[in-house]
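Student: Attaching a single structure in structure tokens format; questions to follow.
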Amino acid sequence: MKKVVHVIGNGDQASLFHKEHRTGMKLTCNIPPWPVAGAYGTIMVDFKMMRALHEGSLTIPGDWILGMRPKIWMDQQPSFFIKHSHQVKEFYTVLPKYVANYTDFNCGHMAVHYAANKVKAEEIHLYGFDSIFDFNLRSCSDFYLGSDRGNMNTNRLANNWRPVWQNMFKEFPDTTFVLHHIHDAIKFQVPDNVEVMTYSSKAVMT
């Protein structure tokens, strides 16, 4: 049976995940727009997520798969790590050579790279990764944690994030990446192992 992973992001079109019955492993990013039953784990990469969890202003149930910055936080806050160690499924600290630093390797990047590199998925489906298609960095996690969405920062993030996707798709030529969105106008050139599944915007709840 083909190994399939579904990565549910935080963008407007994450709800496309519900358009059909999805079978396979499910990974969520930070705080998903809604509870995802049977999720294998929640991916987190930021200090601000750890700070909110540490302060108690945020609660994220289920198992966690954490990047380098959460690892650093827990190394520096051993009591926090002990409290949540039962939720930490693993630390994933891989930084691909085409990524300048961990700041440019966002939660969605890490989730998809983890699915391709660690899980060895043959097919990875992406939902709610709207910045690949549009100048849109809205995230449902902004309802819980504030983010700088000013024009300068938005432009910088879009320019940094898209090349990472382009290189990641090339890194795993034997993996099929299926992007789910309401149109197929990807803002950069993609290799043949990338497919787009489109849906009517009238039928999508955001």
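None of the figures in this text is laboratory data; all of them are computed from the coordinates on show. Predicted model only: the values in this text are computed from it and were never measured. As a convention, Cβ positions derive from the backbone with ideal geometry for all residues, glycine included, and neighbour counts pool all protein chains shown.
Student: In a Gaussian network model over the chain where Cα atoms closer than 10 Å are linked, find which of ASN160, ASN30, ASN101 has the largest mean-square fluctuation.
Tutor: Evaluated over the chain, the most mobile residue of the options is ASN101.
Student: If you plug each phi of the stretch 115-127 into the Karplus form 6.51 cos²θ - 1.76 cosθ + 1.60 with θ = phi - 60°, what whole-Hz ³J(HN,Hα) values come out, in order, with x for Gly and Pro?
Tutor: 3J(HN,Hα) across the stretch 115-127, in whole Hz: 4, 7, 8, 8, 6, 6, 5, 8, 9, 10, 9, 10, 10.
Student: Moving to a separate point now. Of PRO32, PRO70, PRO61, which has the largest mean-square fluctuation in a 10 Å C-alpha GNM of the chain?
Tutor: Looking only at PRO32, PRO70, PRO61, the biggest GNM fluctuation is shown by PRO61.
Student: Computed over the Cα atoms of the stretch 1-52, what is the ratio Rg over Rh, Rh following Kirkwood? Intermediate results must be reported in sequence, preceding the final value.
Tutor: Details: Rg = 12.1 Å, Rh = 12.1 Å.
Reported Rg/Rh (Cα atoms, Kirkwood Rh): 1.00.
Student: Evaluate E = 1/(1 + (r/R0)^6) for TYR98 and SER200, where r is the Cβ-Cβ distance and R0 equals 25 Å; express this FRET efficiency to the nearest 0.05.
Tutor: Working: r = 35 Å, r/R0 = 1.40.
With a Förster radius of 25 Å, E is 0.10.
Student: With contacts defined as alpha carbon pairs under 8 Å and 6 or more residues apart, what's the relative contact order of the chain in percent?
Tutor: It comes to 26 percent, rounded to a whole number.
Student: Still on this structure, I have one more. How much length is gained on full extension from LYS89 to PHE188, taking 0.36 nm per residue of separation minus their Cα-Cα distance?
Tutor: Value of the extension gain: 32.2 nm.
Student: Now a separate question. When the expected Rg is taken as 2.2 N^0.38 Å, what fraction or multiple of it is the alpha-carbon Rg of the chain?
Tutor: Rounded to two decimals, the normalised Rg is 0.98.
Student: Pick out which of LEU126, LEU53, LEU27 has the largest mean-square fluctuation in a Gaussian network model of the chain, springs linking Cα atoms closer than 10 Å.
Tutor: Comparing LEU126, LEU53, LEU27 in the GNM, the peak value goes to LEU53.
Student: Here is a further query. Report the relative contact order of the stretch 1-97, percent, no decimals, based on alpha-carbon pairs under 8 angstrom and at least 6 residues apart.
Tutor: 20
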